[in-house]
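Notes follow the structure.
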């Protein structure tokens, strides 16, 4: 176990390094000069040159990257070009919101996806099965922007059940989390359905039935628990992707999360902020995957890391 | 599907549980106003802030020597009580008002005016506005580090500031009204360091009460403001990160008062045809021209006949229909609100036959191929397509390159790269209401170097000389003659046809019925979206 953990951590570090290298190279390959964006329209060539050297942009790309990495290792992500504030402050101001939306989104995904997938599997090839799968398909393919506006219009604007976007109380998180749940729930339903179908035909399920256990007990204790394995890795992935920010849902619901920050930064090529968001989301994805892997043995004693 | 409905039932149940305890989501605001923005508010440091959003907010926290009468482009002394201009236009003497206090209680003095300007000019500040002050004597020596102070700024006593210019500039008073010249207290800057932009302390009508990054900025009334009775409001709340369509719903629910990003395009027609909603929209002009630059250094646009032919080929009315008639056609460089705008000038009339004839004369009877750059945010690609179609009608095949804003700016500013650029969505907004602001940065010979905003790469030394003469006409009794001169200048520019002026956008500011004050405040040419110090609740 210990050896496995060390290997995985080492892999994670390599992945993180790779992500920063690629993003850095891509951003600086853009035909946009950050110094000129900062200097503005009335700036003379002198001013632009001065700002460029102040930011270290006159150095070669490897040198710039090495400097960036050196600062990164000391926890310094630099200052936002546009907002003139530490990137760590910007990220910190958005972490809590991102975290709550992640929790809420995953909760709704499970709440919607698991029962739907189980039902579908147990009533295989019935009208119930096909309508659940159709529903899952619609949920996955509906554009989140439209779903979000639809929810806001009816549940918040017309019926006044929820606030019209924003952040602060538990009531604020329900709609954006539900919007995430609709899309993700569709995936979960499909995965859960096929996992259940797999498991139901296994010997141990037959054995459980033969022991004379009640059907609900067979399903819940023996089938579902084993069918949850792929779901767990999906949750792991979702922890990562949601912590990296969900751009569309956050924008529609005025949710002050990391995705919104990323979207604004991309539009104005605010490189330090984009890099900061990438580092945070890469870290989140790596961590989420690691958590999922560590959860396997706990769910399925057959799995063991040596 | 049953499970789905159960999910929904749980959701509604939860909502019902929450709603009795939930507030009415902010309808009770007292004497406060709420403004929504899609994007975060960036720095509020007057030396640095340079986008349309923070520009007006900075104006409500800080003050400059000069300002404008609310709702107009008329200059008035502000922190200055009075000023005099020497006969040669090179010396400006400002007398400060006494007893004006910074938010920290200290009096504003002449030394603060000088300190603030030198701070903007200091390369360490990285101010995007430093270039506006190049006409003050000694600025170059100061920014090059050869002088410790700017020799052209003198403070003979506590309440007097004297500026000496190396070259007369009729727009100097406008430049003194720019945020970059606003007065800041040295001690607070030393205290906050680089974070001053997020902990601003000025002398203005409002103070910062609370700033939650990514969520809201709250300004509170400065009860010691030097203009009695201002501001009217106790508080202004800026909600950021609000999607414009959602903001629109919030406004109809009475939760917010001003749509900072305007009416969402998809709702515009509905709003303007709705008798009730229509009354909530203030319509006005703005200091804006949308144009296509024709690169005068790229073949075949080196030939003025080709540039004129392009000017005749574009159907501006059709383009305006694309943006729901939110503009009026443009025939010249300056917008109608700008002094020097030429009411008589008709420009190039839409005439495909004449355009083709001109092209044939220039040696292109069958047209040619070229490239049109445009920003990739709506409605700009649609506008660019309309222009592309119009050009095709005279045989000019323009390939479209719709790209991110920064990429287009880079292409436009690179010599010989972009033949045609559509200016929409490029953050171009007038800095101050003087006709020379449309010349120096975007049409002058002196702006021609890598990274220029003169994307037509236009240079006419004769015109440049006339602009210099016009800018030397600094006395107030010369204003009319100067305007006439500018009309002549811009007629000459249009003869050279470096641009295809397309339209002047109108501004539509949507606000709740509880907001009041003269209608001009909702379309103030300087303050966008509204004049924060002057707006008030309906009595």
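The values are calculated or read from the model by the stated rules, or taken from the named source; none is laboratory data. Please read these numbers as outputs of a predicted model, since none were measured by experiment. Note: ideal-geometry Cβ built from the backbone for every residue, glycine included; neighbour counts use all protein chains shown.
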In the set B:142, B:94, B:83, B:132, which member is in contact with a helix residue (DSSP H, G or I) (Cβ under 9 Å, 6 or more places away or on another chain) and over 30 Å from residue B:477 (Cα atoms)?
B:142
Quick one: which of A:122, A:111, A:101 is facing chain B (nearest Cβ under 9 Å) and either within 24 Å of residue A:227 (Cβ to Cβ) or buried (at least 20 other Cβ atoms within 10 Å of the Cβ) (or both)?
A:111
Among the residues of region A:61-70, is any at pLDDT below 90, over 23 Å from residue B:132 (Cα atoms), assigned to a helix (DSSP H, G or I) and within 28 Å of the chain's Cα centre (by Cα)?
no
Given (1) at the interface with chain B (Cβ under 10 Å from one of its Cβ atoms); (2) closer than 18 Å to residue A:98 by Cβ; (3) buried (at least 18 other Cβ atoms within 10 Å of the Cβ); (4) at pLDDT below 90, index of the condition residue A:266 fails:
(3)
Residue B:62: passes all of (1) farther than 17 Å from residue B:189 by Cα; (2) under 24 Å from the mean Cα position of the chain (by Cα) but (1)
State whether one or more residues within region B:389-396 are part of a helix (DSSP H, G or I), under 24 Å from residue A:45 (Cα atoms) and more than 17 Å from the chain's Cα centre (by Cα).
no
Per the filter on region B:265-285, residues in a loop (DSSP other than H, G, I, E, B) and surrounded by fewer than 18 Cβ atoms within 10 Å (Cβ to Cβ) are B:274, B:279
Subset of region B:191-211 (residues that are over 18 Å from residue B:49 (Cα atoms) and assigned to a strand (DSSP E or B))
B:209, B:210
Say whether the condition of being over 30 Å from residue A:26 (Cβ atoms), assigned to a helix (DSSP H, G or I) and more than 14 Å from chain B (Cβ to nearest Cβ) is met by at least one residue in region A:231-249.
yes
Regarding region B:94-109, can at least one residue be identified that is within 27 Å of residue B:525 (Cβ to Cβ), within 28 Å of the chain's Cα centre (by Cα), part of a helix (DSSP H, G or I) and touching a residue at least 60 places away in the same chain (Cβ under 8 Å)?
no
State whether one or more residues within region B:181-188 are within 21 Å of the chain's Cα centre (by Cα), within 14 Å of another protein chain (Cβ to nearest Cβ) and not in a strand (DSSP E or B).
yes
With the requirement that a residue be within 8 Å of another protein chain (Cβ to nearest Cβ), free of Cβ contacts under 8 Å to residues at least 60 places away in the same chain and either more than 18 Å from residue A:105 (Cβ to Cβ) or assigned to a helix (DSSP H, G or I) (or both), what does region A:165-185 give you?
A:170, A:171
Look through region B:212-225, keep the residues that are in contact with a strand residue (DSSP E or B) (Cβ under 7 Å, 6 or more places away or on another chain) and not in a strand (DSSP E or B), and return whichever of them is nearest to residue B:42 (Cα to Cα).
B:214
Answer from B:491, B:514 - the residue that is within 18 Å of residue B:238 (Cα to Cα) and surrounded by fewer than 20 Cβ atoms within 10 Å (Cβ to Cβ)
B:514
Note on region B:448-461: residues modelled with pLDDT of 90 or more and either at negative phi or in contact with a helix residue (DSSP H, G or I) (Cβ under 6 Å, 6 or more places away or on another chain) (or both) are B:448, B:453, B:454, B:455, B:456, B:458, B:459, B:460, B:461
Got a number for residues in region A:287-306 being under 15 Å from the mean Cα position of the chain (by Cα) and either buried (at least 20 other Cβ atoms within 10 Å of the Cβ) or assigned to a loop (DSSP other than H, G, I, E, B) (or both)?
2
